[in-house]
Amino acid sequence: MVSKSNAGQWARAGVLIGSSRFALTMSQSIVLFGPPGAGKGTQARAIVEATGKPQISTGDMLRAATAAGTPMGLAAKVYMEAGELVPDEVIIGLIEERLRQSDATDGVLFDGFPRTIPQAEALSEIATVGLVIAIEVPDRAIVERIVGRRMDPETGDIYHVTFNPAPPEVADRLIQRKDDNEETVLSRLAAYHSQTAPLAEWYRARDLYTPINGDQNIAAVGAEVAAAVETLR
Ligand code: ADP
Ligand code: ADP
């Protein structure tokens with residue numbers, strides 16, 4: 001277990017903590033919810049195209065901070081490589097900062113956030129969530145999806161060695177995320193079940209939870225996701 005750093009350390013790392021909260025965006029936002037490897041990133045692009053809402057992926061933001069070598073990124077890296085969740089106050093600070101940007105005023109697509117009930121509670125104070133698209137995938141399918149995942153560092157496109165192979169012209173530049181190994185996946189799945197899955201009930205109680213069968217091919221999942229997005233209009 002990585003020790004939970006105190007707020008002071010994170011504050012020195014430049015993370016905004018405990019700032020006064022106010023609605024940063026009034027139009028409806030969408031949450032893409034599901035276990036690691038469910039297909040959230042894969043489906044995000046079509047939702048962005050259909051709605052014009054920008055994608056906000058906390059995983060991508062954390063990886064960018066890690067690559068840039070910022071103090072926050074380096075602190076977060078330890079959690080990510082252990083397959084544990086980065087502390088809520090760091091994530092909430094990141095989101096607050098991101099929602100202040102002008103492209104967020106008409107609502108956004110959250111990908112991989114919120115992942116805990118405290119994150120969802122903080123989000124409810126600063127944005128209006130109109131739809132939670134939950135891509136449901138059983139554990140037995142997750143490890144194979146994650147271990148076979150490959151990314152194109154130039155375009156951000158997501159591929160899979162078996163389920164969505166890259167075209168030959170990009171095959172040579174594909175990368176594999178450091179945390180996409182079998183051991184870390186099991187920690188990430190454990191974190192999902194203990195800390196994130198309870199959020200399903202939280203959103204169900206608010207009548208926002210829209211389950212999608214993620215245990216079918218990418219196009220079939222995409223069709224269900226598109227139908228769910230239509231309900232927001
Ligand atoms: P997440 O963002 O939820 O972690 P990704 O979209 O990155 O998930 O998908 C994880 C891996 O599984 C990728 O390699 C992707 O190509 C693959 N994948 C996504 N959706 C499906 C699907 N419906 N069937 C099979 N593989 C999928
Ligand atoms: P995946 O959907 O494939 O699990 P992500 O790219 O969403 O991967 O996240 C990678 C890692 O970044 C997570 O395992 C976790 O350590 C961290 N992370 C991303 N989003 C959050 C979040 N909302 N709360 C806490 N940790 C997060």
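Data overview
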quantity	calculated
Residue match in the stretch 200-213 (condition: part of a helix (DSSP H, G or I), aliphatic (A, V, I, L, M) and surrounded by fewer than 14 Cβ atoms within 10 Å (Cβ to Cβ))	yes
Count of the stretch 120-136 residues which are under 16 Å from the mean Cα position of the chain (by Cα) and within 18 Å of Ala227 (Cβ to Cβ)	6
All positions within the stretch 168-185 that are of a type outside the set (S, T, N, Q), part of a helix (DSSP H, G or I) and surrounded by 15 or more Cβ atoms within 10 Å (Cβ to Cβ)	Val170, Val185
Residue check for Val185: more than 30 Å from Gly107 (Cβ to Cβ) and either near ligand 2 (Cβ under 10 Å from one of its atoms) or under 17 Å from the mean Cα position of the chain (by Cα) (or both)	yes
Residue among Ala120, Ala75, Ala64, Ala50 that is more than 24 Å from Glu144 (Cβ to Cβ), part of a helix (DSSP H, G or I) and within 16 Å of ligand 1 (Cβ to nearest atom)	Ala64
Which listed residue is closer than 20 Å to Leu189 by Cβ and out of contact with any His (no Cβ under 6 Å at 6 or more places or on another chain), from Gly130, Gly112	Gly112
In the stretch 135-151, residue farthest from Leu85 (Cα to Cα) [restricted to those that are charged (D, E, K, R) and surrounded by fewer than 16 Cβ atoms within 10 Å (Cβ to Cβ)]	Arg140
Search result, residues across the stretch 34-71 that are surrounded by 15 or more Cβ atoms within 10 Å (Cβ to Cβ), more than 23 Å from Ser102 (Cβ to Cβ) and more than 11 Å from ligand 2 (Cβ to nearest atom)	Gln43
Residue tally, condition surrounded by fewer than 18 Cβ atoms within 10 Å (Cβ to Cβ) and either of a type in the set (Ser, Thr, Tyr) or at positive phi (or both), over the stretch 82-121	2
Residues of the stretch 138-167 classified as within 20 Å of Thr196 (Cβ to Cβ), part of a loop (DSSP other than H, G, I, E, B) and within 8 Å of ligand 1 (Cβ to nearest atom), total	0
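Every number here is computed from the coordinates shown, using simple stated rules; none is lab data. Note that the structure is predicted; figures quoted are calculated from it, not measured. Backbone-built Cβ (ideal geometry, glycine too); neighbour counts: all protein chains shown.
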